[in-house]
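Every read-out reported here was derived from the displayed coordinates using simple, explicitly stated rules and does not represent laboratory data. Owing to the predicted nature of the structure, the values given are computational and were not obtained by experimental measurement. Cβ coordinates were reconstructed from backbone atoms using ideal geometry, including for glycine residues, and neighbour counts include every protein chain displayed.
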C-alpha cells in the first residue's frame, strides 16, 4: 500500500504555470509593477506625512496619542479578543504607539518608492493594514493590501527598477569578477597542483 507521501507526490517536483513564471521574471512586467509599488509608497508617504507634519500631527505626535487612544477606545473591533487587546494595551500606550504608526507609515512609503527593502516594506504594509482592519477600519485597506500582496509575490520583478535591483546587480557583477579571478588563478598555475589548491582555497575564503 502506497504511503500518503507517495500517493500525493513531492511538492518540490510540482511546477508553476508558465505565465506565472513569466510574471515573476519578465522585465516588461517590471514597469506596471514598479508603478504599483511607487503608487502604494506615495499613499503611505501621504498618510505618514499628515501624521508627522500635517493636520493629524496633534493627535499622533502630541496629546499622548489622542487619535490612537480615541480610535482604539471607540472603534468597532473585528473580534472581542482584539477589542480586549486594544483597551488593555493600545489605549494605555497610545503615546508611543501613535509615534510608531506615523513613522512606520512614512518609512514604508519611502522604502516602496525607492525600491529599498521592498519585501520588508510590503510585509510592513500588510501588518499595518491588518491592524487597521481588525480595529474596525475598512476604507481602502483591502485595495492597498492587494497591491502589497502583488508586490510581495512578484518581488523580483517589482523591485528590479529600484535600489534593491541596483544592489542585486552590483552583487551579481561582483560575484562574477570573483569567479573570473578564481578561474584565472587556476589556469595560470596549471602543472603545480599543490599551490593551485591552496590559492583557490584562500580566494574562496577571502571572497
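The figures follow:
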quantity	calculated
Rg(Cα)/(2.2 N^0.38 Å) for the stretch 17-159, N = residue count	1.15
Rounded Å value of the spacing that divides the Cα centres of the stretch 82-145 and the stretch 21-35	27 Å
Cβ-Cβ FRET estimate between residue 63 and residue 15, R0 fixed at 45 Å, reported to 0.05	0.20
